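Here's the structure we're looking at; comments come further down.
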Amino acid sequence: MTLDFFKYHGTGNDFIIIDNRNLKFDRADTALVAKLCNRRFGIGADGLMLLQSQIGFDFEMVYYNSDGNESTMCGNGGRCIVEFARTLNLVKDTAHFIAIDGEHEAFIKNDFISLKMNDVNEVELNSDHSFLNTGSPHYVAFVEDIDSYNVFEQGKKIRYNDRFKTEGTNVNFVQKKQNTLFVRTYERGVEDETYSCGTGVTAAALIASIKNVATANDYCDIKTLGGNLKVRFTKQTNNSFKYIWLEGPAAFVFKGEIVV
């Protein structure tokens, strides 16, 4: 079988995207997903997405981590698949799509995408870390000297501790520098640090707001290894959040075909 594919990235978080409206790709074939995402024996990516038809929506987003397993919401991936849908003429300036965590809206201006994330109503606050779900589960810890921090070693230790080893969690380390949050993330399913994580920077921004170290009352500027993002939000009195928007670029890299 020959597959047409498209490669995109959102601030260095890279994805294979396949137009699967004809259902040619078997979404249960997790071994094939892992093979395609392999950086030495496949195309190479942090994850793979299928764009599929869904009644009542512009499209459906099906997301897999690079280990081949279908996963939870991906913020950078969400922006990239919206940009891909625009090139297919499925959307123009706005998008309304369905993902594993529910409905999403997006606004498109050139390759800059504003993606609405789900409300967050529960935040676990601890002395050394916080935990919340922004479409995917996230552990957030503020650290010193983030540039030299061993994200892989420390992130893996937390991801595989007694609490998280079964379901897994993404692990974010954060430091405020000047008026920006620098966020580095160890991602489950990739099992490594990625250049950026959209749901991770969203989680970091919300925790920064609770800790009164966000850029402003209703937004946070974010730096990642792969580029800059912005998270906008409305904070409620009980540390819950509504109207959360993840904003940043979505860039086409290349397209091709592969025999599988």
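Read-outs: derived from the displayed coordinates by stated rules, not from any lab. Everything numeric here is computed off the predicted structure, so don't read it as measured data. Using ideal geometry, Cβ is built from the backbone for each residue, glycine included, and neighbour counts are taken over all protein chains shown.
Pairs K7/K177; K24/K165; K35/K165: which exceed 30 Å Cα-Cα?
Beyond 30 Å: K7/K177; K24/K165.
Taking the Kirkwood radius as the inverse of the mean 1/r across Cα pairs, report the Rg/Rh of the stretch 42-101.
A ratio of 0.97.
What residue among A250, A203, A216 has the largest mean-square fluctuation in a Gaussian network model of the chain, using Cα springs under 10 Å?
Judging by the Gaussian network model, the answer is A216.
Any idea how far apart N38 and N110 come out in nm if each label point goes 7 Å out from Cα toward Cβ?
Between N38 and N110, the simple spin-label model gives 3.9 nm.
What FRET efficiency would be calculated for the residue pair H96, D145, taking the C-beta separation as r and a Förster radius of 35 Å, to the nearest 0.05?
E(calc), rounded to 0.05, equals 0.25.
I need the peptides 233-241, 58-66, 99-107 ranked by packing, meaning the mean over residues of other C-beta atoms within 10 angstrom, with the highest value on top.
By packing density, highest mean first, the sequence is 58-66, 99-107, 233-241.
Relative to the present Cα-Cα distance, how much length would full extension add between E257 and L23 at 0.36 nm per residue of separation?
Working: separation 234, 0.36 × 234 = 84.24 nm, distance 1.66 nm.
Full extension of this stretch gives 82.6 nm more.
Please compute the length gained on full extension between E124 and I210, using 0.36 nm multiplied by the number of residues separating them and subtracting their Cα-Cα distance.
Answer, rounded to one decimal: 29.8 nm.
For E103 and T234 in the same chain, what is the full-extension length gain: residue separation times 0.36 nm, less their Cα-Cα distance, in nm?
Length gained, E103 through T234: 45.3 nm.
Checking the cross-link filter: which lysines have an alpha carbon closer than 21 Å to that of K235, excluding same-chain neighbours under 8 positions apart?
Counting by Cα, and skipping residues close in sequence, K235 has these lysines nearby: K116, K176, K211.
Just grab the label-to-label distance for D221 and Q54, each label 7 Å out from Cα along the Cβ direction, in nm (one decimal).
3.4 nm
Looking only at Cα atoms, what is the convex hull volume of the stretch 123-243 per residue, in Å³?
98 Å³
Would you kindly calculate the translational diffusion coefficient of the chain, applying Stokes-Einstein with the Kirkwood radius from alpha carbon pairs, for 4 °C and a viscosity of 1.567 mPa s, and quote it in µm² s⁻¹ without decimals?
71 µm²/s
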